[in-house]
Structures are given as structure tokens and as C-alpha cells.
Amino acid sequence: MNFYVIFPLLLAQVYSHGYLKEPISRTSLHLRPEFDAPPPYYWDNSAIWCGNVNQDLALSGCGRCGDVLGETHFQQGGEYDKGIIVANYTAGSIIEVTANFQAAHYGSFQVELCPQEEETDFCFQLLNIVDGSEQIRIDNRICVPHDNSQNVDVIAHVLLPAGVRCNRCTLRWTYRTSYPGWEGYDICFNPHPAQVFRNCADIGIY
Ligand SMILES: *[C@@H]1O[C@H](CO)[C@@H](O)[C@H](O)[C@H]1NC(C)=O
């Protein structure tokens, strides 16, 4: 038994889970009782991960909001869309976007906005991550450190576009991990097929 090989693989498979905590994602609404979201709740909100299919750079095998490709449970109109606006922001402001991890192990996340009320597969635009963010920032990605402690928050300071106002827009969080670690785990950006997590949240911008 070679523990140097086996042990990291097990860690990666079991613990590399995370979710969009603020604004809270559609699939984690049950964690915020004040929103009074009706069931159903997804059984494993920190594993909304494109069916755990490793993704190319275009994420061509991932559903719009982290579904298995071709399924629609997590997208607008799906069974986990309760139509609840979980945060209201000011156009052009810098907002805090918080992701929560259970034993995160590298990789990075990006934040996108669908600047219209009707969500589509192609409406999302990458948002700029600005100074003030705690973690290393590369090309609008926040690098996620390796940390085996549970319940780690990583905050991105994200600039909302000045010209976008909406009663309901979708903010999307995409975490591209370094798993399965073709070049080791200690990288921010893994260009090889990688495990990816995606969450969508419903916000207003005024
Ligand atoms: C955001 O604003 C909308 C429209 O006024 C409101 O229905 C919703 O409850 C607000 N959400 C929060 C979290 O304040």
C-alpha cells in the first residue's frame, strides 16, 4: 500500500466540496431560514459539480448552474429555483462574494453575471475581481488555498457593471479545482480536465 499516492486522492475525492455562501446559492437556501424557502432542498448542496464529470476549459460538459449536462434542476425555472432574491446591490459597486469550502485544495473560482431577467446558457459575463480580495488573484480568478480545516470562507471583491440594473439577475460562481491534479495540487489554474463546481444565485441590482 503506497500512502503517498492513495491518501491525497481520497482527500480530493471526498473533501473538495464547496458552495456559494454569499449571495447564497439557489441550492443552499435551506441554510438561510430567513428566506423561508420551501422544499425540495438538494441533499448535498456543496457538491453541485456538473455530475462530477471533469471539465475542459469551456466547461462544455457542465450544465448552466452546475447540473449534469442536459438536466435543468438548478437553473432558472428548475425545481430548486424558488424565485427568492437573496441580495440587492447597487449598480457599479464592489460587492463581497463569499465561497465556503470544506477542506479546499487549490484551483480557483470566477464570478459571472447574467445581466438580464431571463437566464440563458449564453448570457453570462465574467466580472472583474478587484483589489481588497484576501486571496491571490490572477486574471479575475481567486486562487483557493489548500486548507484541510473545515468550513473555510474565501471572499472575492467583485465589481458590478455600472450600467446593469435588474429586479432579478443571476450571479454565477464557478470553482475549477486542481483535481485530478495532473500537475500536482498546488496550482491556481488547472488547464487540464478538472473537477468543477458551479452555483447560481438570484440577486437584484438597483
Ligand atoms: C430585494 O429587493 C426585492 C424587491 O424590492 C425584494 O423583494 C427582496 O426581498 C429584496 N431581497 C433582500 C434580501 O433584501
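With the crude spin-label approximation of a point 7 Å out along Cα→Cβ, what separation in nm comes out for residue 43 versus residue 90?
Roughly 4.5 nm, to one decimal.
Which value results when the Cα radius of gyration for the chain is divided by 2.2 N^0.38 Å?
0.98
Give me Rg over Rh for the stretch 33-151, both radii from the alpha carbons and Rh done the Kirkwood way, two decimal places.
Values: Rg = 15.5 Å, Rh = 16.4 Å.
Using Cα coordinates only, the ratio equals 0.94.
Express the relative contact order of the chain as a whole percentage, based on alpha carbon pairs under 8 Å and six or more residues apart in sequence.
With pairs under 8 Å counted, the relative contact order is 28 percent.
Read the figures in this text as sums done on the coordinates, not as results from a lab. Just so it is clear, the model here is predicted, and its values are computed rather than measured. Quick reminder, even Gly has a Cβ in these numbers, built from the backbone with ideal geometry, and neighbours come from all protein chains shown.
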